[in-house]
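The values are calculated or read from the model by the stated rules, or taken from the named source; none is laboratory data. Here the structure is a predicted model, which is why all the values come from computation and not from measurement. Methodologically, a virtual Cβ is constructed for each residue, glycine included, from the backbone with ideal geometry; neighbour enumeration extends over all protein chains shown.
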Amino acid sequence: MAPRNDREERDDGFVDKLVHINRVAKVVKGGRRFGFAALVVVGDLKGRVGFGHGKAREVPEAIRKATEAAKRDMIFVPLRDARTLHHDVHGRHGAGKVILRAAEAGTGIIAGGPMRAVFEAVGMHDVVAKSLGSSNPYNMVRATFDALKGQMHPKDVAARRGIKYSTLQARRRETGVSVSAED
């Protein structure tokens, strides 16, 4: 079983990353029956990302099922300058907790294994992330998705507060936070 951690570009424009394969054994009368569970992250490198879990008796079939599940429920993540987050955010699932922080250009992806796969699939280039609690890949990916779902674009924040987007950006400039023209 060679790990497939490399990017795989599909004809439909999605990139899939294999995060984890788990082999499970069922003891039966004639010996052991092996099954495989795969965790896959799929993204379009432009802000859409999803994850899926698939189980089968053979690895390729489990990966195929996980990829299809990931494509079924994808989320959109608003990115600043198509490279980082708009604001810092926390996520949690079960005992898995993650902290995601926006980073300056050139920082790169500073994150552990399962979180790195999510950031690469979503098309993020600069982010600092820390995993606290559970190191289980399933919990880490779900906690990362919980955090990414809490990410809001400044235009949505302005609309929710009932103020103009330009007013919000002016306040941001006053506090010394870097602002780009594309925000």
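Numerical summary
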| item | result |
| --- | --- |
| Residue identified as over 21 Å from Val128 (Cβ atoms) and surrounded by 15 or more Cβ atoms within 10 Å (Cβ to Cβ) among Val42, Val98 | Val42 |
| Among residues of the stretch 55-68, those that are surrounded by 15 or more Cβ atoms within 10 Å (Cβ to Cβ) and either more than 18 Å from Asp12 (Cβ to Cβ) or in contact (Cβ under 8 Å) with a residue 24 or more places away in the chain (or both), counted | 7 |
| Of the criteria (1) within 12 Å of the chain's Cα centre (by Cα); (2) surrounded by fewer than 20 Cβ atoms within 10 Å (Cβ to Cβ); (3) farther than 16 Å from Val42 by Cα, which one Met74 fails | (3) |
| Of residues in the stretch 116-137 being touching a strand residue (DSSP E or B) at 6+ places or on another chain (Cβ under 6 Å) and of a type in the set (Ser, Thr, Tyr), the one modelled with the lowest pLDDT | Ser134 |
| Residues of the stretch 92-115 that turn out to be modelled with pLDDT of 90 or more, under 19 Å from Val42 (Cβ atoms) and out of contact with any Pro (no Cβ under 6 Å at 6 or more places or on another chain), as a count | 4 |
